[in-house]
Amino acid sequence: MPRRGSEIGQSIRDIYRDLFSAYGPRGWWPLTRRRGARPEYRGGPRNRRQRFEVAAGAVLTQNTTWSNAARAVTALSCEGLLDPAAMAAAPRERIAALIRPSGYYNQKARRLQALAAWFEEGAVPDRGGLLRLHGIGPETADSILLYGFNMPFFVVDAYTRRVFSRLGLLGGEEPYERIRALFESSLEADPAVFNEYHALIVEHAKRRCARRPICEGCPLRERCINSNYY
Ligand code: SF4
């Protein structure tokens, strides 16, 4: 029997509690703490430069793993380019060469410079404005708003679709905005909770609910309608 919205909402809240108990706080977003350092998970941004670093990281991790994106973040940091003014003024070919490990480097260099210009114009954190920037889709915009500006926008990614469709709470093909609305209406509008929940979903999808899931010992096994298929 299809589940009612209120039951799904309760499940979403219960799953957050279970994931947090299993994995603990994740400390997103990873940031470089000194020039040339690799990004580390020690809490979110505290200043404009770090907000720009979050935004740059959100672009660099498009269509690739975070470890590839992190190599590109570190390369930009070494050259002092995790700064909006420096990024906006740098030759695009130089940026593209530095971020090569993240893939799609020519496209991403253009996107980084569009973001840098947005920061230089004042970076008013408005979702519609971000979505009008070159190459910024809903997942990237919500990552920037949540992790860069501490605003309550829930980030939906492929891990969210995979985990919650295996749990039987999503079909997996729903439009982005419908899934975002489902999570946002099920949780209190607290950026700290949205921040932690998305990070926990990523952790769970990497450690357990991977392409080949490890269901034995999974903290969500009791809730999962698909655990016996794997
Ligand atoms: S029981 Fe298996 S399929 Fe279900 S959430 Fe856990 S790892 Fe994923």
*Among (1) among the small types (Gly, Ala, Ser); (2) outside the structural domain of residue 189 (by TED's automatic domain parsing); (3) open to solvent by 50 Å² or more (accessible area, probe 1.4 Å) - the single one residue 21 does not satisfy*: (2)
*Give me the pairs: first residue in region 89-102 and closer than 16 Å to residue 36 by Cα, second residue charged (D, E, K, R), beta-carbon distance under 6 Å, and six or more apart or on different chains, which are they?*
99/108; 101/71
_Options 207, 166, 178, 223; residue that is near the ligand (Cβ under 10 Å from one of its atoms), more than 12 Å from residue 12 (Cβ to Cβ) and surrounded by fewer than 16 Cβ atoms within 10 Å (Cβ to Cβ)_ = 207
*Go through 15, 8 for me and flag whichever is more than 16 Å from residue 81 (Cα to Cα), β-branched (Val, Ile, Thr) and either modelled with pLDDT of 95 or more or assigned to a strand (DSSP E or B) (or both).*
15
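When you look at residue 173, is it under 19 Å from residue 8 (Cβ atoms), within 17 Å of the chain's Cα centre (by Cα), open to solvent by 30 Å² or more (accessible area, probe 1.4 Å) and more than 13 Å from the ligand (Cβ to nearest atom), yes or no? Explain how you work it out, then say what you get.
Values: under 19 Å from residue 8 (Cβ atoms): yes; within 17 Å of the chain's Cα centre (by Cα): no; open to solvent by 30 Å² or more (accessible area, probe 1.4 Å): yes; more than 13 Å from the ligand (Cβ to nearest atom): yes.
No: the conditions fail for residue 173.
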*Has region 1-13 got at least one residue that is within 19 Å of residue 193 (Cβ to Cβ), in contact with a helix residue (DSSP H, G or I) (Cβ under 6 Å, 6 or more places away or on another chain) and small (Gly, Ala, Ser)?*
yes
*Is at least one residue of region 53-74 under 28 Å from residue 164 (Cβ atoms), touching a strand residue (DSSP E or B) at 6+ places or on another chain (Cβ under 9 Å) and not in a helix (DSSP H, G or I)?*
no
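Which count do you get for residues in region 32-44 that are on the phi < 0 side of the Ramachandran plot, free of Cβ contacts under 8 Å to residues at least 24 places away in the same chain and open to solvent by less than 90 Å² (accessible area, probe 1.4 Å)? If you could, list the steps in order and put the result at the bottom.
We begin by selecting, within region 32-44, every residue on the phi < 0 side of the Ramachandran plot; these are 32-35, 37-42, 44.
This time we only want the ones that are free of Cβ contacts under 8 Å to residues at least 24 places away in the same chain, so: 33-34, 40-42.
If we keep only those that are open to solvent by less than 90 Å² (accessible area, probe 1.4 Å) as well, we get 33, 40.
Total meeting the criteria: 2.
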*Taking into account only those residues within region 210-220 that are open to solvent by 20 Å² or more (accessible area, probe 1.4 Å) and under 19 Å from residue 156 (Cβ atoms), which is nearest to the ligand (Cβ to nearest atom)?*
210
*asked:* Being part of a loop (DSSP other than H, G, I, E, B) and open to solvent by less than 40 Å² (accessible area, probe 1.4 Å) is the filter here; which residues of region 181-202 pass it?
replied: 187
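The values are calculated or read from the model by the stated rules, or taken from the named source; none is laboratory data. The structure displayed is predicted, hence computed values, not measured ones. Note that each Cβ is placed from the backbone with ideal geometry, even for glycine, and that neighbours are counted across all protein chains shown. For accessibility, only protein heavy atoms count, side chains too; no ligands or nucleic acids. Shrake-Rupley method; radii C 1.70, N 1.55, O 1.52, S 1.80 Å.
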